[in-house]
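Before any comments, here is the structure.
The values are calculated or read from the model by the stated rules, or taken from the named source; none is laboratory data. Worth saying up front: this structure is predicted, and the values here are computed from it rather than measured. Cβ atoms come from the backbone with ideal geometry, glycine included; neighbour counts cover every protein chain shown.
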């Protein structure tokens, strides 16, 4: 008997509570007594909670230790928000823990606006002003899940139609001038199969974690898009990109109205050093594709008032917005007015388009969907 064995069990448990999962696993191999203590569900529940898991459903996983060691340890990094590299459209994905099925489930998130715009005639302009209204709902469509097979206890990757799915890590190619996916032309030239096996990436990482996924029945193809075997990639949004702070209150994921194109999801980046608020598209359209700039506002150039009826209480900032014809041709920057109504709602006046677009925050400070 050594001095460690002579310590009360309460002291053992208190010390073990500070151990990382790998250290706890190594300790469990030193003796039968420590194997029993290290298998206590209390420890493994704490590790699982770091991934947002607070309970077990009716699936094959009956213990938090099994959940962590067989599923979360190597695949928990899939949890969170991702954006896709589909040409033109892009996509916005949330992977979350599904307690009912004990699985990591990825959903494609989209927003719908059920409100109609207000068309307001103007005395000094023959063209009426179209003022978008917002009444948003969020839709989640399952695309794939990762779980443990009840019979074989092996990992299963399945699409929404229960077909087999492959996932593998791939390089992330960034867009010039931003840290979003590269342009459509560059992405179509890349080979996503030249990637490594799916495994936990190094955290923190100099690059975004990214992976590709493919269904054996081609469920990975999006919105009827076919491009000679194009395999989609997903890149992860870091927590500091989606959560606002005191210094960057407008930072985060937003949804905006784009007329006939409907709602699109954007990433707002607020830079305190340059006093600029930039909005880039996570999902795009035929005029302005995903990853491209939609507008930039100069947050150090505040105007105390606006003559736009209904927006008198907003804080007005000058900026420039990007416009283009179909196919992203004839693109140019035009003067706009960015009206901050609150830290969760923004209106943008596009004088050249005779339109006021509306933008609303999609994720709250806890990175939860709020639409």
>> Being within 28 Å of the chain's Cα centre (by Cα) and surrounded by fewer than 20 Cβ atoms within 10 Å (Cβ to Cβ) is the filter here; which residues of region 342-353 pass it?
In response: 342, 343, 344, 345, 350
>> Just the residues that are touching a residue at least 40 places away in the same chain (Cβ under 8 Å) and part of a strand (DSSP E or B), please, taken from region 91-105.
In response: 91, 92, 93, 94, 96, 97, 98, 103, 104, 105
> Across region 327-341, which residue is nearest to residue 268 (Cα to Cα) among those that are under 27 Å from the mean Cα position of the chain (by Cα) and surrounded by fewer than 18 Cβ atoms within 10 Å (Cβ to Cβ)?
Replying inline: 341
> What is the residue count in region 150-159 for residues that are under 23 Å from residue 212 (Cβ atoms) and surrounded by 11 or more Cβ atoms within 10 Å (Cβ to Cβ)?
Replying inline: 5
>> Any residue that is buried (at least 21 other Cβ atoms within 10 Å of the Cβ), at pLDDT below 90 and within 19 Å of residue 233 (Cβ to Cβ) - is there at least one of those in region 48-60?
In response: no
> Would you say residue 171 is assigned to a loop (DSSP other than H, G, I, E, B), without any contact (Cβ under 8 Å) to a residue 60 or more places away in the chain, over 28 Å from residue 364 (Cα atoms) and in contact with a strand residue (DSSP E or B) (Cβ under 8 Å, 6 or more places away or on another chain)?
Replying inline: yes
> residue 300 versus (1) in contact (Cβ under 8 Å) with a residue 12 or more places away in the chain; (2) within 23 Å of residue 174 (Cβ to Cβ); (3) surrounded by fewer than 19 Cβ atoms within 10 Å (Cβ to Cβ): which is the lone unmet condition?
Replying inline: (2)
> Does residue 70 satisfy the criteria of being more than 19 Å from the chain's Cα centre (by Cα), free of Cβ contacts under 8 Å to residues at least 60 places away in the same chain and farther than 30 Å from residue 261 by Cβ?
Replying inline: no
> Can you tell which of 316, 277, 308 is in a loop (DSSP other than H, G, I, E, B) and farther than 23 Å from residue 137 by Cα?
Replying inline: 308
>> Of all residues being part of a loop (DSSP other than H, G, I, E, B) and in contact with a strand residue (DSSP E or B) (Cβ under 6 Å, 6 or more places away or on another chain) in region 137-167, which is farthest from residue 256 (Cα to Cα)? Just the residue, please.
In response: 149
> Is it true that residue 248 is over 17 Å from residue 95 (Cα atoms), assigned to a loop (DSSP other than H, G, I, E, B), in contact with a strand residue (DSSP E or B) (Cβ under 7 Å, 6 or more places away or on another chain) and at pLDDT 90 or above?
Replying inline: yes
> If we keep just the residues of region 112-136 that are surrounded by 19 or more Cβ atoms within 10 Å (Cβ to Cβ) and outside any strand (DSSP E or B), which is modelled with the highest pLDDT?
Replying inline: 132
> If you check residue 364 against the conditions, is it touching a helix residue (DSSP H, G or I) at 6+ places or on another chain (Cβ under 8 Å) and either under 26 Å from residue 122 (Cβ atoms) or without any contact (Cβ under 8 Å) to a residue 12 or more places away in the chain (or both)?
Replying inline: no
>> Restricting to region 92-111, give me the number of residues that are surrounded by 21 or more Cβ atoms within 10 Å (Cβ to Cβ) and farther than 13 Å from residue 142 by Cβ.
In response: 4
>> Tell me whether region 272-281 contains one or more residues that are touching a strand residue (DSSP E or B) at 6+ places or on another chain (Cβ under 8 Å), under 19 Å from residue 134 (Cα atoms) and in contact (Cβ under 8 Å) with a residue 24 or more places away in the chain.
In response: yes
> Can residue 322 be described as over 26 Å from residue 137 (Cα atoms) and not assigned by TED's automatic domain parsing to the domain that holds residue 175?
Replying inline: yes
>> Please go through region 145-160 and give me each residue that is within 17 Å of residue 63 (Cβ to Cβ) and in contact with a helix residue (DSSP H, G or I) (Cβ under 8 Å, 6 or more places away or on another chain), ordered by number.
In response: 147, 148, 153, 155
> Got a sec? Which of 78, 104 is touching a helix residue (DSSP H, G or I) at 6+ places or on another chain (Cβ under 9 Å) and either closer than 30 Å to residue 44 by Cα or in the same structural domain as residue 51 (by TED's automatic domain parsing) (or both)?
Replying inline: 104
